[in-house]
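Read through the structure below, which is laid out as structure tokens, and then see the notes.
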Number of protein chains: 2
Amino acid sequence: MLSTADIRRPIVAAAALTAFARGGFHGTTVADVARDAEISPAYVFKLFPRKELLFVAALEVCFERIVAALAAGADAAEGGSPEAVLDSMGDAYAHLIRDRTLLQLQVHAQSVADVPELGDALRAGLARVTTFASERSAGSDDQVQRFMAFGQLCHLLVTAGIEESGERWAQVLSHGIRHPE
Amino acid sequence: MLSTADIRRPIVAAAALTAFARGGFHGTTVADVARDAEISPAYVFKLFPRKELLFVAALEVCFERIVAALAAGADAAEGGSPEAVLDSMGDAYAHLIRDRTLLQLQVHAQSVADVPELGDALRAGLARVTTFASERSAGSDDQVQRFMAFGQLCHLLVTAGIEESGERWAQVLSHGIRHPE
DNA sequence: CACCCGAGTGAGTGTACGGTCACTCATGTG
DNA sequence: CACATGAGTGACCGTACACTCACTCGGGTG
């Protein structure tokens, strides 16, 4: 049976997800996460002994949600061509990241990936996403690579606030990129 | 005539470039930059009154070097088709970022782009790069967008250390991506 | 009842960082 | 000589943060 600590850990991880997504690893304090999770900082350390482990847990939640969304997208295009499946996954991803949280956390993770544990967690997540997209769409390596490349471009567009600028160069970068609502 | 402060400022900016590229904005202290520049922290603050201004200066140096490299790449394919010019620019960029410094700084900048001054500086740099690639190659919006998207994928490959892993999914992401030597 | 054990916290500790300021020193100028 | 000016720094301040620890509380078990 699960102890209350085991029950609370994923709740804290979810709070860490939103907190770290806001400020990144170095820009977010454990106290910030504790406040979001409505527990004391001391107890956060009892659940996750080091700040890095908290970030890793947040990343795992992040990629969990992403893969789930991609799966739903793939379901919606069941039996279609690889392009159709990848396209539907792209739509699902675009929908998922409307609130930017999952996207921002990935960007922050990229910038601290030189910390071994954090880099490992990032690679593990990317492995899941890439493998899933590849197998589920049955697309060629080129198609999957392109899918991921445009995902990265999308991250840049959002984090740098490029779409809002409306200038010519911004249109070049963002034309045809999905953004629901 | 230039005061010695005006002469020293770009030197400090160059030091800031490498220091911030290593640790990011929050992960690098002004004292780190001062040490690299071989001056006292107090004097860094006299040259750049706030840490943000130091980072902005580093970003400007970064994009300056990138545009210069792209220009050299474009020269090497003078008169070729848009694809050929963009391809040559890509080669030049791949060569430029062998040591990862300029690449890492861009990724770090992306993760702190919500700080207004830093986001502005990032957008200004991206505007220069995108506009330059677009005008100099005379490529279509699609071609330029694709050029930038694969640049972003390249950033992910390097920062997350994906090429080293050698696993199947890593090959999917990195196949055909240039990496001289 | 006595006892234990996990949940949860308040109150700290050491350290490090952004930023300031009063100061020294060298150079040039009347 | 007296004096101004800019380069450059040491010592400091307030604050904030990662992490610790001794403690309390409440529910289960003999």
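Can you find, within the stretch B:3-27, the residue that is modelled with the highest pLDDT among those that are polar (S, T, N, Q) and within 9 Å of DNA strand D (Cβ to nearest atom)? Here the residue is B:Thr4.
Among residues of the stretch A:101-121 that are touching a residue at least 40 places away in the same chain (Cβ under 8 Å), those with a beta-carbon under 7 Å from a residue that is of a type in the set (D, E, K, R) at least six positions away or on a different chain give the pairs A:Leu102/A:Arg65; A:Val115/A:Glu52; A:Glu117/A:Glu52; A:Leu118/A:Glu52; A:Ala121/A:Glu60. Could we say that B:Val56 is modelled with pLDDT of 95 or more and within 16 Å of DNA strand C (Cβ to nearest atom) here? In short, yes. Going by the structure shown, is B:Arg65 away from DNA strand D (no atom under 16 Å from the Cβ), basic (Lys, Arg), within 14 Å of chain A (Cβ to nearest Cβ) and touching a helix residue (DSSP H, G or I) at 6+ places or on another chain (Cβ under 7 Å)? The answer is no for B:Arg65.
Every residue, every condition in (1) at positive phi; (2) facing chain B (nearest Cβ under 8 Å); (3) buried (at least 17 other Cβ atoms within 10 Å of the Cβ), yes or no:
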| residue | (1), (2), (3) |
| --- | --- |
| A:Ala77 | no, no, yes |
| A:Leu86 | no, no, yes |
| A:Ile97 | no, no, yes |
| A:Leu103 | no, no, yes |
| A:Ala109 | no, no, yes |
| A:Ala113 | no, yes, yes |
| A:Ala124 | no, no, no |
| A:Ala133 | no, no, yes |
| A:Ala149 | no, yes, yes |
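If you go through the stretch A:150-176 and keep only what is without any contact (Cβ under 8 Å) to a residue 40 or more places away in the chain and either closer than 12 Å to A:Gly90 by Cβ or of a type in the set (Asp, Glu) (or both), you end up with A:Leu153, A:Glu163, A:Glu164, A:Glu167, A:Gly176. Look at the stretch B:40-56: where a residue is under 16 Å from B:Thr28 (Cβ atoms) and a partner is among the aliphatic types (A, V, I, L, M) and surrounded by fewer than 14 Cβ atoms within 10 Å (Cβ to Cβ), sitting 6+ places away or on another chain with Cβ atoms under 6 Å, you get B:Pro41/B:Ala31.
Per-residue answers, yes or no, for (1) over 26 Å from B:Phe147 (Cβ atoms); (2) at pLDDT 95 or above; (3) of a type outside the set (Ser, Thr, Tyr):
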position: A:Val115; (1), (2), (3): yes, yes, yes
position: A:Leu118; (1), (2), (3): yes, yes, yes
position: A:Leu126; (1), (2), (3): no, yes, yes
position: A:Phe132; (1), (2), (3): yes, yes, yes
position: A:Gln145; (1), (2), (3): no, yes, yes
position: A:Glu163; (1), (2), (3): no, no, yes
position: A:Glu167; (1), (2), (3): no, yes, yes
position: A:Arg178; (1), (2), (3): no, no, yes
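Which one is nearest to the chain's Cα centre (by Cα), of the residues in the stretch A:28-51 that are crowded, with 16+ Cβ neighbours inside 10 Å and near DNA strand D (Cβ under 7 Å from one of its atoms)? It comes out as A:Thr28. For the stretch A:135-147, filtered to residues that are crowded, with 22+ Cβ neighbours inside 10 Å and under 18 Å from B:Cys154 (Cα atoms), the residue that is farthest from the other protein chains (Cβ to nearest Cβ) is A:Phe147.
Here the stretch A:151-181 is the region considered, the condition is being in contact with a Ser or Thr (Cβ under 8 Å, 6 or more places away or on another chain) and of a type in the set (D, E, K, R), and the residue that is surrounded by the most Cβ atoms within 10 Å (Cβ to Cβ) is A:Glu163.
For the stretch A:12-33, check the following and say yes or no: at least one residue is more than 9 Å from DNA strand C (Cβ to nearest atom) and farther than 19 Å from A:Gln104 by Cα. Looking for residues that are more than 9 Å from DNA strand C (Cβ to nearest atom) and farther than 19 Å from A:Gln104 by Cα, one finds none in the stretch A:12-33, hence no.
The values are calculated or read from the model by the stated rules, or taken from the named source; none is laboratory data. Just so it is clear, the model here is predicted, and its values are computed rather than measured. With ideal geometry, Cβ positions are generated from the backbone for all residues, glycine too; neighbour counts draw on all protein chains shown.
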